[in-house]
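Enquirer: Submitted below is the structure of interest, expressed as structure tokens.
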Amino acid sequence: MSYIVRAKRWKGGWELHINGEGVTQARTLASAEQVVRDYIATLHDLDEVTDDIEVVSEFDRGDSCSTTRGARPRR
């Protein structure tokens, strides 16, 4: 399975909208993937989530930059 996560900026960090799962928050975009993994694991009572996670920030839409599993966000 894979998850598409839309990251929306707010004054406290990033709001992470996880397709089909819900919404959580991360202070930094760099931590978003791990926050999503932890959130999904908690929701489904799993020890670990190894599925693909793609985090797309609101300013990435319309350009080819996105954060994917194992990749670092562009700075």
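Enquirer: Compute, for Thr28, the solvent-accessible surface of its heavy atoms (probe 1.4 Å) with the complete set of protein chains present, and express it in square angstrom to the nearest 10.
Expert: Counting only protein heavy atoms, the figure is 70 Å².
Enquirer: Now for a different question. Figure the gain on full extension for Ala30 and Glu58 (residue separation times 0.36 nm, minus the Cα-Cα span) and round it to one decimal in nm.
Expert: Stretched out fully, the Ala30 to Glu58 stretch lengthens by 8.6 nm.
Enquirer: Further question: Determine the principal axes of the Cα atoms in segment 1-48, then give the extent along each, sorted from largest to smallest and rounded to whole angstroms.
Expert: 31, 18, 14
Enquirer: Roughly how many nanometres apart are two label points built 7 Å out from the Cα toward the Cβ at Val23 and His44?
Expert: Using points 7 Å along Cα→Cβ, the separation is 2.2 nm.
Enquirer: Roughly how much of Ile40 is accessible, in Å² to the nearest 10, using a 1.4 Å probe?
Expert: The accessible area comes out at roughly 0 Å².
The values are calculated or read from the model by the stated rules, or taken from the named source; none is laboratory data. Everything numeric in this text was worked out from a predicted model, so none of it was measured. All Cβ positions, even for glycine, are placed from backbone atoms using ideal geometry, and neighbour counts span all protein chains on display. Surface areas here come from the heavy atoms of the whole protein model, side chains and all, with no ligands, DNA or RNA. Shrake-Rupley method; radii C 1.70, N 1.55, O 1.52, S 1.80 Å.
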